[in-house]
């Protein structure tokens, strides 16, 4: 999975660029996830149903009209959250996850320039987007360079593509391509020998959940 931050100062145009990138990458056939980093308290207040559930340590899902869903989890150790854990937990099937914000996180970044802003000196910046200026054919991308920027992200994402992904407690396990291929082939081969009540082929996407092992037993 490829996780990319779209960072910059307030009102620089991060949200607009995120929408453009999500749309363009989706049109290319990529599965895209989106995370917005905010300083606001994101969970419902304790006096609401979902807020009360969160206070009890239970994750809640709000199911609204129009097919809308919102998942809430109250994490007591919020400072220890790793954005890759969030991406793996909530977007395990995504090819690429766009994070809006996260300028101080250790992630590959697209920096969105504000007017008259000096060139950013931030770790991880592989592209600078300046909608008012012109691209330099390399690091800086102007308003007319969106296709080139999307192409760079697509290439980065394809290099992360594997036939199998394994997440342990939300952390994606790094694997070489031949290991992922061996794992995928082995699981599909074993499932071929089982009775499949749905009648669906095991050539499609498969999710496998393993419960934690109790070492005390």
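Please treat every number below as a calculation from the coordinates, not as lab data. Small disclaimer: the values here were computed from a predicted structure and weren't measured. Here the Cβ positions follow ideal geometry from the backbone for every residue, glycine too, while neighbour counts run over all protein chains shown.
For a test of the definition: using alpha carbon positions, the gyration tensor, and the 1.5 limit on a/c, classify the range 88-217 as rounded, prolate or oblate.
It comes out prolate by the Cα gyration axes.
Could you list 110, 35 in order of exposure, starting from the residue whose Cβ has the fewest other Cβ atoms within 10 Å?
So the residues, fewest neighbours to most, are 35, 110.
Let me have the relative contact order for the chain, percent, based on Cα pairs under 8 Å that are six or more residues apart.
23 percent
Using a/c under 1.5 as the rounded threshold, could you call the chain rounded, prolate or oblate? The axes a ≥ b ≥ c are square roots of the C-alpha gyration tensor eigenvalues, and prolate needs a/b larger than b/c, oblate otherwise.
Verdict is oblate for the chain.
Based on the Cβ-Cβ distance of residue 173 and residue 42, what FRET efficiency does E = 1/(1 + (r/R0)^6) give at R0 = 30 Å, to the nearest 0.05?
My answer for the efficiency is 0.60.
Where does the chain land at 222 nm, in deg cm²/dmol rounded to the nearest 500, when only DSSP H runs of n ≥ 4 count, each adding -39500 (n - 2.57), divided by all residues?
So the calculated ellipticity at 222 nm is -8500 deg cm²/dmol.
Could you put 3, 20 in order, starting from the residue whose Cβ has the fewest other Cβ atoms within 10 Å?
20, 3
Based on the alpha-carbon gyration tensor of the range 1-105 and its eigenvalue square roots a ≥ b ≥ c, which shape applies: rounded if a/c is under 1.5, prolate if not and a/b is larger than b/c, or oblate?
Prolate is the answer for the range 1-105, as a/c is 1.5 or above and a/b outweighs b/c.
Listing 193, 16, 73, 157 from the residue with the fewest other Cβ atoms within 10 Å to the one with the most, what is the order?
193, 16, 73, 157
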